[in-house]
Each structure stands twice: as structure tokens, then as C-alpha cells.
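Heads up: the structure comes next, in C-alpha cells.
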Amino acid sequence: MWGFVIALQFLTRLTINPNIEVTEKGLGKSIAFFPVIGCVLGCILIVANIFLSRVLFLSPLTVNLLLIIILIWLTGGLHLDGLADTIDGLSGAKEKEKILSIMRDSCVGVMGVLSLICLLGMKVCFLGEIQPEFKNQALLLMPLMGRWGIVIACCLGPYARD
């Protein structure tokens, strides 16, 4: 159960127990729950989609934009920060140590900002391309598969600082 709570609090802004002590070992064990957290996020997006489109009768473009904003708020933009840092690092240097140094910098560079604008614009556009009858399934799978990707990367990928 603690693995679920640790994963929820690590991947989202949702807090169940603010006093929980997170160790490296505990965080490692919580990785198994990352896809479950993705499923929780997907279910929240489905409820939001139904409310925004069928209760408030907002336009599809407005609904798509609000769904992306809700997901960003729920996750605290953690993945967006990582993307911006990665793009800044890769576009600003060629040597590994310099790339990692740029990625650690708390300031976001121009390339990082541009990557975020492009990504968020594509997300809104691609949501609009999904047939309405499949939208809820896509909203469930989007965060679920994203968190599966984290699990796969953690298990199979090399640690960047090694």
C-alpha cells in the first residue's frame, strides 16, 4: 500500500500522507505502481472530459485545452520540466558533463520553452484528431502508457550520470 502512496505523491500533486518518509528503496519499490497512477490520472481525465463536454457543453477545442491543463496541474508539470531540461541540455552542449550541467540548471532556455510550446500544441491538436467515440479510451491510455514508459526506461535504460 505504501508503494501506491509513494508513487501517487511522487507522480502527482495529490497528497494522502504528507509525513511519509520516502527513501530511495521505497521509491524504487513504488515504480511498480506507476502504471496504476497513470490509470488514476486517466480516469480523472475521463470524468473531466464528460463534465466539460456533456454538462458544460464546451467546444471540443476548449475541452482539449482544459484537459491538458488539468493533466499538467495534476502532475505538477514534472514531465514537462524534464523535457525542457533535456532539450536545453542536448541543444546546448556536446560533452556529457556539460549536458548534465545544463540540465541541472533551474533556468529554462529558449529551446526548452520552444519544445514545451510545440509539445503542448501537438497534444491539444492530436486530442482533436481522435474520433469522439474513442476519446475516453485515449484519455485513459495516454497517462497509463506514459507511466509504463517510465517503468521501462527505469528498468532497461542506463543511468545518465554513470
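Just a few scattered comments:
- Within region 22-60, tally of residues that are more than 20 Å from the chain's Cα centre (by Cα), part of a helix (DSSP H, G or I) and modelled with pLDDT of 95 or more: 7
- Qualifying residue in region 70-83 (condition: part of a helix (DSSP H, G or I) and of a type in the set (Asp, Glu)): yes
- Of the set (1) loosely packed, with under 11 Cβ neighbours inside 10 Å; (2) outside any helix (DSSP H, G or I); (3) of a type in the set (A, V, I, L, M, F, W, C); (4) at pLDDT 95 or above, all apply to ILE117 but (2).
- Candidate set from region 144-162 (those that are in contact (Cβ under 8 Å) with a residue 24 or more places away in the chain and surrounded by 12 or more Cβ atoms within 10 Å (Cβ to Cβ)); member that is farthest from LEU45 (Cα to Cα): CYS154
- Any hit, region 61-84, residues being polar (S, T, N, Q) and farther than 30 Å from VAL113 by Cβ: no
The values are calculated or read from the model by the stated rules, or taken from the named source; none is laboratory data. These numbers were taken from a predicted model, which means no experiment stands behind them. Glycine also receives a Cβ, built like all others from the backbone with ideal geometry; neighbour counts cover every protein chain displayed.
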